[in-house]
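Engineer: The structure's right below; bear with me while I get my questions together.
Only the coordinates and a few stated rules stand behind these numbers; no lab work does. Worth saying up front: this structure is predicted, and the values here are computed from it rather than measured. So basically every Cβ, Gly included, is an ideal-geometry build from the backbone, and we count neighbours across all protein chains shown.
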Amino acid sequence: MAVATGAIVANLYYAQPLLHNVARSFGVGSAVAATVVTVSQVGYAAGLLLVVPLGDLYPRRRLAVILFLAATAALVLCAVAPTLWLFEVGAVTVGGASVAGQVMIPFAADLAPEQRRGRVVARIMTGLLLGILLARTFSGLVSEAAGWRAVYWISAVLMFGFALVMRKALPSESARPHVSYRGLVGSSLRLLVDEPVLRRRAALGACAFGAFSVLWTALAFLLSALPYNYSNAVIGLFGLAGVGGVLAANLAGKMADSHRVTAATTVAGILLVISFGLLALGKTSVVALLAGIVVLDIGTQGMQITNQAVIYTLRPDARSRINSAYMVCYFVGGALGSLTAGAVFSGAGWNGVCILGAGFGAATVILSAWHRFRPTPAVDDSNAVVTA
């Protein structure tokens, strides 16, 4: 399940180190090319809202297989698209189908014993994170050897193969009570109103992923120009600098299992802010740039795992819908980060991008501190894990 999750989520990130090539192929500027990432994330957010809740109604094995097959078709469209708008149609569809990973995360949470749920979720998220990291490296190397369109052809073949494997490998599930589709999707959104812990964690996740998307949307433009002037292959290798996020995912899962979510949240938010200070120095220093990427990935993944370990304790009967509501907010934050990063890079350069990213990171620190120190009574996130 971890490998399949990483493989399909990787589709969202193949374009990031290739944006300068996409811009040249379709004759557009950096701000317009950055919309490729934005539409993928918008598609993902739409899939989270409209598709993931179906995991509380239909067998998740069947749902996941259908989504992998849909991703196959959409990737073929990306590979052959003659115009940017058609490529973006494929990208938004790939984004929607890539929510198969978010179908499997609550599935794994259901299969795990309660005392190990945080670590099991962390293991699936480790697969997801490795997919993200390897996606950038893979797309950079393949595009250097065979052109950027080859990345999408190869991924289409992989998605079809995983659909066949998962049809055999995933366990079956018992029937669920029937609920109307409208009621199912509506109840996902109502959870944001009814569950203050979910609402707070969704806001933290949106800001953290916004910061993450700011970097990875603008990075290819920085590295492909002077003073770096790197090739696609070298740009893709920068994705491996985020391997520290894998360690953060497992550490955050253990901290959540031991009910230390407040400390994990605070540390993650501070790391997000610090990372953009290092990244600002990375305008002319590759060492500072790599250090900033490592710190950013640790902060982002630490925040994400902590958030998910908390929200999965809230309503065991509605984990798919809770995951849907949370991840919609998460990727709306990411889409906002991608959209603003392209525009800011065009107008204010790398320094503007770093200020923007630091602002997203600072928002997580402010949100966490406001909840912790405000005088009015509030539900404590750290108790959410204990009482569940």
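Engineer: Considering only the other residues whose Cβ falls under 15 Å of the Cβ of residue 224, what net charge follows from Lys and Arg at +1 and Asp and Glu at -1? All intermediate terms of the calculation are to be shown ahead of the outcome.
Structural biologist: On the way: positive: 24, 136, 283; negative: 144.
So the surrounding residues net to +2.
Engineer: Additional query: Modelling each spin label as a point 7 Å along the Cα-to-Cβ direction, I'd like the residue 233/residue 193 distance in nm, to one decimal.
Structural biologist: Result: 5.6 nm between the two label points.
Engineer: Starting from the alpha-carbon convex hull of the chain, give the projected area averaged over all orientations, in nm².
Structural biologist: Details: hull surface 69.2 nm².
Computed as one quarter of the Cα hull surface, the answer is 17.3 nm².
Engineer: For the chain, what is the calculated [θ] at 222 nm in deg cm²/dmol (nearest 500), taking -39500 (n - 2.57) for each run of four or more DSSP H residues and dividing by its residue count? Provide the component values of the computation, followed by the final result.
Structural biologist: Details: 17 runs with 306 residues, N = 388.
Value at 222 nm, helices only, nearest 500: -26500 deg cm²/dmol.
Engineer: Right, another one. Calculate the dipole size of the chain relative to its Cα centre from +1 charges on Lys and Arg beta carbons and -1 charges on Asp and Glu beta carbons; express the result in debye to the nearest 20.
Structural biologist: Values: 26 positive and 13 negative charges, 97 e Å.
It works out to roughly 460 debye.
Engineer: Just to confirm a number: summing +1 for Lys and Arg and -1 for Asp and Glu over residues other than residue 64 whose beta-carbon lies under 12 angstrom from that of residue 64, what do you get?
Structural biologist: Details: positive: 60, 61, 62, 167; negative: 173.
Charge balance near residue 64 sits at +3.
Engineer: Still on this structure, please answer the following. With unit charges on the beta carbons (Lys and Arg positive, Asp and Glu negative) and the dipole taken about the Cα centre of the chain, which residue among 268, 66, 300 sits farthest to the positive side?
Structural biologist: My answer, from the dipole projection, is 66.
Engineer: Separate question: When 58, 330, 181 are ordered from fewest to most other Cβ atoms inside 10 Å of their Cβ, what list results?
Structural biologist: Final ranking by Cβ density, sparse to dense: 181, 58, 330.
Engineer: Here's another thing I want to ask about it. Just how large is the dipole of the stretch 1-150 about the Cα centre, in debye to the nearest 20, putting +1 at every Lys and Arg Cβ and -1 at every Asp and Glu Cβ?
Structural biologist: 300
Engineer: Answer rounded, prolate or oblate for the stretch 125-215, using the Cα gyration tensor with square roots of eigenvalues a ≥ b ≥ c: rounded when a/c is under 1.5, else prolate when a/b is larger than b/c, else oblate.
Structural biologist: In terms of gyration-tensor shape, oblate.
Engineer: Follow-up question, since we're still on this one. Helix check for the chain. Which DSSP H runs span at least 15 Å along their own axis by Cα, with a mean Kyte-Doolittle hydropathy no less than 1.6? Please report the intermediate quantities before stating the final value.
Structural biologist: Working: long enough: 35-50 (22 Å, 1.50); 60-80 (31 Å, 1.81); 84-97 (19 Å, 1.45); 100-111 (17 Å, 1.13); 117-146 (42 Å, 1.01); 148-169 (32 Å, 1.10); 181-194 (19 Å, 0.53); 196-223 (41 Å, 1.30); 244-257 (20 Å, 0.63); 261-281 (31 Å, 2.23); 286-311 (37 Å, 1.45); 319-373 (41 Å, 0.85).
Once both thresholds are applied, what remains is 60-80, 261-281.
Engineer: Can you pull the three principal axis extents for the Cα set of the stretch 13-139, in Å, largest first?
Structural biologist: The Cα atoms of the stretch 13-139 stretch 53, 27, 20 Å along their principal axes.
Engineer: Find out how many positive minus negative residues lie around residue 206, taking Lys and Arg as positive, Asp and Glu as negative, among other residues whose Cβ is under 12 Å from that of residue 206.
Structural biologist: Combined, the nearby Lys, Arg, Asp and Glu give +3.
Engineer: Sort 231, 320 by Cβ crowding within 10 Å, fewest neighbours at the top. Walk me through the numbers on the way to the answer.
Structural biologist: Details: 231 14, 320 27.
The most exposed by this proxy come first: 231, 320.
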